[in-house]
Amino acid sequence: MELAISGGSKMEVSEAIFGRDFSEPLVHQVVVAYLAGARAGTKAQKNRSAVSGGGRKPWRQKGTGNARAGTIRSPLWRSGGVTFAAQPRDFTQKVNRKQYRAAMRAILSELVRQDRLVVVDALEIAEPKSKAVLAALADLGMQRGLVIDADIDTNLYLGSRNIANVHVLAADRLDPVSLVGAEQVVVTRAAIEKIQEWLA
């Protein structure tokens, strides 16, 4: 199949990557797994065994008039342990490489179908200024979205990092969440070739 390049020319791309059917359950699974993998999972609280102190019984079992107590670090006591203490955990969900790549192909194909993928020969920014980046994007009819290049140009990176809702990614750093969440995606010819090598 062919993709139209901004300026009038076209480039031949793989039908298997940019023309496959969209699978919502697969894309959903991969996106959820990607977001879950980004979670730190470092929340931690101390249970009664982890709180310092409480090595001896605070008073004898009977005869004091107080309720029975075996440790001052009981969850019922002030400064005691937490009853169901949170522990560090790993939220990672396993996704096979084949599934991940299939989901990426489905997302890219859907972007093409919805006319949200804009292909350009190159995106060159003369100076590291936000104004220059906005002008280049405006020429493509875009105000917000994702810019993908084979290798990130320094001027493009520096000029775009202060613009809200404009993100720049290298082709080898592409992820499903960035693609799904972008209103429009601008991708260079070199990046398309790199993506095809990866997903072939």
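The values are calculated or read from the model by the stated rules, or taken from the named source; none is laboratory data. Quick caveat: nothing in here was measured; it's all calculated off a predicted structure. Counting neighbours? That spans all protein chains shown, and the Cβs are built from the backbone with ideal geometry, glycine included.
With respect to Ala170, is the statement that it is at pLDDT 90 or above, under 16 Å from the mean Cα position of the chain (by Cα) and of a type in the set (Gly, Ala, Ser) true? Yes, satisfied.
Beta carbons closer than 6 Å, at least 6 apart along the sequence or on distinct chains, pair a first residue in the stretch 172-186 that is surrounded by fewer than 16 Cβ atoms within 10 Å (Cβ to Cβ) with a second that is part of a loop (DSSP other than H, G, I, E, B) for Glu183/Arg144.
Assess whether Leu123 counts as being assigned by TED's automatic domain parsing to the domain that holds Glu24 and either among the charged types (D, E, K, R) or assigned to a helix (DSSP H, G or I) (or both). For Leu123, the condition - assigned by TED's automatic domain parsing to the domain that holds Glu24 and either among the charged types (D, E, K, R) or assigned to a helix (DSSP H, G or I) (or both) - is not met. Only one of the numbered conditions (1) modelled with pLDDT under 95; (2) of a type in the set (D, E, K, R); (3) within 27 Å of Leu35 (Cα to Cα) is violated by Lys94, and that is (1). Looking at Ala69, Ala33, Ala50, just one residue is in contact (Cβ under 8 Å) with a residue 40 or more places away in the chain and surrounded by 11 or more Cβ atoms within 10 Å (Cβ to Cβ), and that residue is Ala33. I'd like to check something: does the stretch 104-112 contain any residue that is farther than 18 Å from Ser23 by Cα and either of a type in the set (Lys, Arg) or surrounded by 13 or more Cβ atoms within 10 Å (Cβ to Cβ) (or both)? No, the stretch 104-112 has no match at all. Within the stretch 126-138, the set of residues being surrounded by 13 or more Cβ atoms within 10 Å (Cβ to Cβ) and either assigned to a loop (DSSP other than H, G, I, E, B) or of a type in the set (Val, Ile, Thr) (or both) comprises Pro128, Lys129, Val133.
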